[in-house]
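For reference, the structure discussed in these notes is given below.
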Amino acid sequence: MVREAHARAREWAGIFRLPLRQQNWRGMAGQHAGMGTGSSLDFQDHRAYAPGDDPRHINWQAFARTGNYSMKLFREEVRPAVDLLWDLSPSMWFDPGKAQRSAELMAFTVEGALRAGATPQVWLAQGATVVPVPPEAAVAGAWTTLVPPATFAGNVPAALPLDRVPWRARSLRLVVSDLLFPGGPEGAAGLLSGQQGRGVVLAPFCQAEADPSWQGNIDFMDVESGRSEPRRVEPALLRRYVAAYARHFSLWKEACRRQGVALARVPSGLPFPQALQLEALPSGAVEPWA
């Protein structure tokens, strides 16, 4: 499933791109607007000539008018840093449709970063454990063999360890997670926007969790811990669950809005491009290729 998703990701990255046009970046020479001056074709400003300046950038037309040397300044172009955090919690994979959507989002984010000429770093998370993987392994879907399941053995359900990721300053921080972990969004959204970074969260979900049809006696299993518990589901209990589920994501969206983080929930059961058009495109979590 993971390798199949990576095989299709290049096509999707030609339809949508990561939101790298919404701010200026710092990084190595590349193709996106930077914070300083450089040698692109994007004119920025003038300043007085100083000894040692490159004479190719002297504004000779201005010299002919005024007799004074001035320099044309152009916007630098850089390769922005993109930090990717993929949530490998069991809740991401319990449903076949959700598992497929999770793998597709992971594949799309790394392929989108490379297509944009960015410098990606990829991190895998489960419980309190965070593991880096090489970008080339992430592109090929080979991280499934590089990081064996034993790496995360014994982890207990915990909040996504955003504080354990060495986010780079001024990076695009892109998280693929269903956000179904203990605790609320307090502080989490701030970590994604700190150090002048820009945060994006793509959250896969499925109908079975968002609007279930439980009724009667059901054996519930906690996919994170493996524990099961028999419960009788009456209409009132189902309504409380649906309300709590909706409230959970309402809190996340409000926290992300305050911190300038783009949060988009991405449903399973739809073709991948169509699923991104529902929330990811309107929220600015992804952009269309012009």
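The values are calculated or read from the model by the stated rules, or taken from the named source; none is laboratory data. On a predicted model such as this, the values are computed, not experimentally measured, just so you know. Glycine also receives a Cβ, built like all others from the backbone with ideal geometry; neighbour counts cover every protein chain displayed.
Modelled with pLDDT of 90 or more, crowded, with 21+ Cβ neighbours inside 10 Å and assigned to a strand (DSSP E or B) - does that describe any residue in the stretch 211-218? No, the stretch 211-218 contains no residue that is modelled with pLDDT of 90 or more, crowded, with 21+ Cβ neighbours inside 10 Å and assigned to a strand (DSSP E or B). Among the residues making up the stretch 246-290, those that are under 17 Å from residue 177 (Cα atoms), of a type outside the set (Val, Ile, Thr), touching a Lys or Arg at 6+ places or on another chain (Cβ under 8 Å) and part of a loop (DSSP other than H, G, I, E, B) are 268, 279. Checking each residue in the stretch 92-129 for being touching a residue at least 60 places away in the same chain (Cβ under 8 Å), under 13 Å from the mean Cα position of the chain (by Cα) and within 21 Å of residue 170 (Cα to Cα) picks out 109, 110, 111, 112, 113. For the stretch 272-288, the set of residues classified as in contact (Cβ under 8 Å) with a residue 40 or more places away in the chain and small (Gly, Ala, Ser) consists of 275, 280, 284, 285, listed by residue number. Where helices (runs of 4 or more DSSP H) sit wholly within the stretch 92-192, none has at least 3 residues that are in contact with a Phe, Trp or Tyr (Cβ under 9 Å, 6 or more places away or on another chain) and acidic (Asp, Glu). Each residue in the stretch 219-243 was checked for being part of a loop (DSSP other than H, G, I, E, B) and either charged (D, E, K, R) or touching a Lys or Arg at 6+ places or on another chain (Cβ under 9 Å) (or both), and 4 of them qualify.
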